[in-house]
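Below is one structure, written out as structure tokens, with a few remarks after it.
The values are calculated or read from the model by the stated rules, or taken from the named source; none is laboratory data. The shown structure was predicted, so the numbers you read here are calculated from the model rather than taken from an experiment. Here the Cβ is made from the backbone with ideal geometry for all residues, glycine too, and neighbour counts use every protein chain on show.
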């Protein structure tokens, strides 16, 4: 189904009113399957596909599993515990937040996103209300996901204090952002992290090649490599050195070797992240 949708409706599928109507028609059947799996608290299928893609989203099992896996990475590699104050940039409709609701204390999580429908879904979720999790709108322009945003990502200042968070993480955010925008975000992340705090980023790293059967990055500008010439934000990759050198300017350094994702679909690159993308961790000194 994923290949058919991409062929008929190129770009972000849910932005097409016809395919979005189809997604909404699938919501009742999706709910029945989720109910049988004990996942009835997850957002509707038509909402989940907006920030998580169409592939294997029906029934909520993958949504739940990947949220749990990413939360485990935060516990293992970012020292996350019940008293950690956490910021997620690009929270979508709460994939990781659901898992963190069982880990962090009340009022210790803030999620931000540029997509208002996803934020509305989070704010309406009973478990997030009970935990007093907070969800803020990230009013940043992005050609693919938020073309009407009023702020530029390369100059945006996050509305949080210096040294406020123990952990900050971004899942599939920098995979849609260009060099100057990412550089600004890394400076802001470093500012907002407490000393000793850790940032987790999922990304496409170019260090093991740029051309793969599943996806390639043939175009290059500044520090970013990208897939689609007409819409660069469709899929963007970076070398690890870009993250290292940029973070180093702001007092953070790589805290462990990268965890490699399975997006390359190449047996020569062993996946160690249990996730589609590569994962890197940086610690503020």
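Numbers at a glance
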read-out: Identity of the residue in the stretch 236-282, modelled with pLDDT under 95 and on the phi > 0 side of the Ramachandran plot, that ends up surrounded by the most Cβ atoms within 10 Å (Cβ to Cβ); value: 274
read-out: Check on residue 246, in the same structural domain as residue 174 (by TED's automatic domain parsing), over 16 Å from residue 176 (Cα atoms) and part of a helix (DSSP H, G or I); value: yes
read-out: Any chance residue 185 is crowded, with 22+ Cβ neighbours inside 10 Å, at negative phi and out of contact with any strand residue (DSSP E or B) (no Cβ under 6 Å at 6 or more places or on another chain); value: yes
read-out: Options 285, 233; residue that is under 16 Å from residue 179 (Cβ atoms), in contact (Cβ under 8 Å) with a residue 24 or more places away in the chain and either touching a strand residue (DSSP E or B) at 6+ places or on another chain (Cβ under 8 Å) or crowded, with 19+ Cβ neighbours inside 10 Å (or both); value: 233
read-out: Residue count, the stretch 68-82 (criterion: surrounded by fewer than 22 Cβ atoms within 10 Å (Cβ to Cβ) and free of Cβ contacts under 8 Å to residues at least 60 places away in the same chain); value: 6
read-out: Residue identified as at pLDDT 95 or above and farther than 17 Å from residue 253 by Cβ among 202, 150; value: 202
read-out: Qualifying residue in the stretch 100-113 (condition: in a helix (DSSP H, G or I), crowded, with 24+ Cβ neighbours inside 10 Å and assigned by TED's automatic domain parsing to the domain that holds residue 133); value: yes
read-out: Enumeration of residues in the stretch 67-89 that are part of a loop (DSSP other than H, G, I, E, B), farther than 17 Å from residue 131 by Cβ and in contact with a helix residue (DSSP H, G or I) (Cβ under 8 Å, 6 or more places away or on another chain); value: none
read-out: Every pair of residues 6+ apart whose Cβ atoms lie under 6 Å, when the first sits in the stretch 97-108 and is within 13 Å of residue 69 (Cα to Cα) while the second is in a helix (DSSP H, G or I); value: 98/67; 99/67; 99/68; 99/71; 100/71
